[in-house]
Amino acid sequence: MRFFLCAFESMYVGIPVDTVDSLMVYGKEAGALILRDKSSADIYFSLPLFFGARREALRHGIILKGSAGADGRHVLLVPVVEREEDIPEEEIHTMPGILADIGRVSFISGIRFTDSAMTLFIDPAKFINNILSENPDALQGTHKGKE
Amino acid sequence: MELMPAENSAVKGEKYLIFTILDSLYTMPSRFIGEIALFDAVYPLPLLPDYVLGIINRYSTPYALIDIGMLLQKKAAKRAKVLALKEHLDRAAILIDDVVDIVDVAPEELIRIEQEGSGDLTDVIESSFKWNGSDVFVLDIRQILARAVNELGN
């Protein structure tokens, strides 16, 4: 399966390529976990803020498939999309039992360790459902428009 | 350090591994234990209870790391060693200070601990026994895992 691998401070996050419509250049810090662009209605989700990473420039946005429409597109903001890689299924481990199939972290579809780096593979649709249900008031923030 | 399961438990009871967490003595049957290793690194994940520290890398396989000190005493345990459970229980490990001893314990030596109510902390300690004049508390690892699943699900 092919993934976009996004480099974070101490790990990678893998997003399945087949869930992605396109990539965009962003180039700013995220002010909030979730932001809505008032003009386009697009919703931006900051992955580093969600994972508790320090505030850093978000160079790329990942525009998800099937999210265009009146409600705007869903865009995952990441520090950088480092590369695209084909990763065999046998290299991806499921979550430990106590963390698997639990609503709050069920968006993590697998984990891979290589050398000392961990990659968390996420299901973007589940991630967005999860983050919106955990933060029901978060859409009040506004975005100043794309660069 | 690989630990062998008790093979002759019918004769002298069951083998228990005694270890310390925050200077208290805890134990569990050695048949539940896969390995003890030095603590290396933990990858935190969001949205977990404070006693589930995140994921550790055991030979490229992810294990959930549980801090019993945080669960029972609301105080973070030392990040010294990890005790990984047998994989058939779950891919989970707990932080321990150090291993103290491995002992045979006969069933009649175990003192059952009365449960004070559902959700009470006593529900993760199933019994105790005396060792060198001190109380050693037997962790109910299945209950600890069930409790984490319960809390994560809510």
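The values are calculated or read from the model by the stated rules, or taken from the named source; none is laboratory data. In this text the structure is predicted, and so the values were computed from the model without any measurement. A quick note on method: Cβ atoms are made from the backbone with ideal geometry, for glycine too, and the neighbour counts reach across all protein chains shown.
So that you can scan it fast, the table gives a plain yes or no per residue for (1) modelled with pLDDT under 95; (2) touching a strand residue (DSSP E or B) at 6+ places or on another chain (Cβ under 7 Å):
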{"residue": "A:58", "(1), (2)": "yes, yes"}
{"residue": "A:76", "(1), (2)": "no, yes"}
{"residue": "A:89", "(1), (2)": "yes, no"}
{"residue": "A:118", "(1), (2)": "yes, yes"}
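Residue count for region A:86-111 under the criterion of being more than 8 Å from every other protein chain (Cβ to nearest Cβ) and more than 24 Å from residue A:44 (Cα to Cα): the result is 10.
At least 1 residues being within 14 Å of another protein chain (Cβ to nearest Cβ) and not β-branched (Val, Ile, Thr) is the threshold, and among the strands (runs of 3 or more DSSP E) wholly inside region A:10-75 those reaching it are A:11-16, A:43-46.
Test residue B:63 against the criterion of being within 9 Å of another protein chain (Cβ to nearest Cβ) and aromatic (Phe, Trp, Tyr), and give yes or no. Judged against the criteria, residue B:63 is a match. Among the conditions (1) modelled with pLDDT of 95 or more; (2) hydroxyl-bearing (Ser, Thr, Tyr); (3) closer than 20 Å to residue B:142 by Cβ, residue B:20 misses just one, which is (3). The residues of region B:54-75 include none that are of a type in the set (S, T, N, Q) and in contact (Cβ under 8 Å) with a residue 60 or more places away in the chain.
For region B:36-48, residues that are of a type outside the set (A, V, I, L, M) and surrounded by 17 or more Cβ atoms within 10 Å (Cβ to Cβ) total 1. The residues in region B:51-77 that are in contact with a Gly (Cβ under 8 Å, 6 or more places away or on another chain) and among the hydrophobic types (A, V, I, L, M, F, W, C) can be counted, and the count is 4. When A:97, A:52, A:66 are checked against the criterion of being surrounded by fewer than 15 Cβ atoms within 10 Å (Cβ to Cβ) and closer than 30 Å to residue B:147 by Cα, A:52 stands alone in meeting it. State which residue is nearest to the other protein chains (Cβ to nearest Cβ) when the search covers only region B:20-60 and only residues that are in a strand (DSSP E or B) and of a type in the set (Phe, Trp, Tyr). Applying the filter and picking the extreme gives B:43. Restricted to region A:112-127, and to residues there that are crowded, with 19+ Cβ neighbours inside 10 Å and assigned to a helix (DSSP H, G or I), the residue that is farthest from the other protein chains (Cβ to nearest Cβ) is A:124.
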